[in-house]
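Okay, so here's the structure we're looking at.
Derivation of every value follows stated rules applied to the coordinates shown; laboratory data play no part. Everything numeric in this text was worked out from a predicted model, so none of it was measured. Here Cβ is always computed from backbone atoms with ideal geometry, including for glycine, and neighbour counts include all displayed protein chains.
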Amino acid sequence: MKLIETNLPGVILIEPRVFGDERGFFQETYRKSQYIEAGFPEFVQDNHSRSRKGVLRGLHYQLVQPQGKLVSVTRGAVFDVAVDVRKGSPTFGEWTGHILSDENHHQLYVPSGFAHGFCVLSDEVDFTYKCTDYYHAESEQAILWNDLDIGIQWPDCGELTLSAKDQAANRLGEMSEEKLPVYAAK
C-alpha cells in the first residue's frame with residue numbers, strides 16, 4: 001500500500017494494491033499487522049452506510065471516545081472531507097477533500113480530533129469505515145457543512161439531502177471551547 005500525506009498532518013490518503021484481470025479485481029482492504037506497522041491505531045468497530053446521490057453526511061466528531069476513522073467506498077463515489085477542529089492546532093479550521101470510489105479503491109485515514117463528512121457523487125454509494133473507538137451518540141458534535149470560514153469547495157453533488165442535525169449544525173467559530181477537542185503537539 002502507498003501512504004500519501006495530505007495538507008493536514010495525520011490525515012493520510014491510502015492507495016492499496018489492487019490486482020486486476022479480465023475476471024475483475026482483488027484487493028486486501030485491511031491487514032492489521034500492515035496498518036499497525038505503518039503507524040495506524042487499532043480499530044474496534046466497523047460501519048457500513050448506504051446513501052443516494054446528493055446525500056451529505058457531516059461534519060461530525062465525538063468528544064467522548066473520540067474516533068479515528070479509516071474510510072473507503074465499496075460501491076459508487078463520494079467526496080470525502082476532514083477538517084481540523086482541535087483548538088490550538090496550527091491547522092485549526094483547515095480541510096482536505098478527496099474522491100473515494102470503487103474505481104480508485106482509495107482509503108482515507110481521519111484521526112480523532114478531526115470532523116469528518118462526505119457528499120455522494122454517484123447514484124448510490126456503499127461507504128465503509130473502521131473506527132478506533134465506539135460510537136458515543138451523546139458526545140457527537142456537528143459543524144456546518146458549508147461554514148464559510150472553513151470554505152470547503154464541495155463539488156456538485158446534485159440536490160443536497162441533509163439530516164435535521166446537520167442542517168442545524170453550528171459554524172466552527174460558534175462552537176464553545178468545551179465542545180472542541182484539544183490539540184496535543186507530538
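With 27 Å as the limit, write out which pairs from Lys2/Lys130; Lys53/Lys179; Lys69/Lys165 have Cα-Cα distances beyond it, or answer none.
In this structure, Lys53/Lys179 exceed 27 Å between Cα atoms.
Equivalent-ellipsoid semi-axes (√(5λ), Cα gyration tensor) for the chain, whole Å, largest first?
26, 20, 14
What do you get for Rg/Rh over the stretch 98-186 if you use C-alpha atoms and the Kirkwood form of Rh?
Reported Rg/Rh, Kirkwood definition of Rh: 0.95.
Given the rule -39500 (n - 2.57) for each run of at least 4 DSSP H residues, summed and divided by the residues of the chain, what is its mean residue ellipticity at 222 nm, to the nearest 500 deg cm²/dmol?
The helix contribution divided over the chain gives -1000 deg cm²/dmol.
Show the residues, 5+ positions off or on another chain, whose built amide H is closer than 5 Å to the amide H of Ile99.
Counting only residues 5 or more places away or on other chains, the set is Asp80.
From the backbone phi of the stretch 11-21, what are the Karplus-calculated ³J(HN,Hα) couplings (6.51 cos²θ - 1.76 cosθ + 1.60, θ = phi - 60°) in whole Hz, Gly and Pro given as x?
Using θ = phi - 60°, the values come out as 8, 10, 8, 10, 10, x, 6, 10, 10, x, 8 Hz.
Quick one: among Ser72, Ser163, Ser33, which has the greatest mean-square fluctuation in a GNM of the chain with alpha-carbon springs under 10 angstrom?
For the chain, modelled as a Gaussian network with Cα springs under 10 Å, the answer is Ser33.
With both partners inside the chain, how many of the DSSP beta bridges are antiparallel, as a percent to the nearest 5?
95 percent
Across the stretch 127-137, in residue order, what do the Karplus-derived ³J(HN,Hα) couplings come to in whole Hz, using 6.51 cos²θ - 1.76 cosθ + 1.60 with θ = phi - 60° and x for Gly and Pro?
For the stretch 127-137, the Karplus curve yields 10, 10, 7, 9, 10, 7, 8, 7, 4, 9, 3 Hz.
Just to check I understand the Karplus step: with θ = phi - 60° and J = 6.51 cos²θ - 1.76 cosθ + 1.60, what whole-Hz values come out for the stretch 78-92, glycine and proline as x?
Result, rounded to whole Hz: 9, 9, 9, 10, 10, 10, 6, 10, 7, 5, x, 6, x, 10, 3.
Apply 1/(1 + (r/R0)^6) to the Cβ-Cβ distance of Leu63 and Glu22, taking R0 = 35 Å, and write down the FRET efficiency to the nearest 0.05.
Numbers: r = 50 Å, r/R0 = 1.41.
It comes out at approximately 0.10.
Please identify, among Tyr61, Tyr109, Tyr134, the residue showing maximal mean-square fluctuation in a Gaussian network model of the chain using a 10 angstrom Cα cutoff.
So, out of Tyr61, Tyr109, Tyr134, the one fluctuating most is Tyr134.
Put a dot 7 Å past each Cα toward the Cβ at Glu94 and Arg31; how far apart are the dots in nm?
The two pseudo-label positions are separated by 3.3 nm.
How much length would be gained if the chain were fully extended between Glu140 and Gln45, taking 0.36 nm per residue of separation minus their Cα-Cα distance, in nm to one decimal? Don't skip to the end; give the middle numbers.
Values: separation 95, 0.36 × 95 = 34.20 nm, distance 1.62 nm.
Net length gain for the segment: 32.6 nm.
Which residue, Phe19, Phe40, Phe118, tops the fluctuation ranking in a GNM of the chain built on C-alpha contacts under 10 Å?
Per the Cα network of the chain with a 10 Å cutoff, Phe19 tops the list.
If we restrict to alpha carbons, what Rg and Dmax does the stretch 31-78 come to, in Å?
That works out to 13.5, 37 Å for Rg and Dmax.
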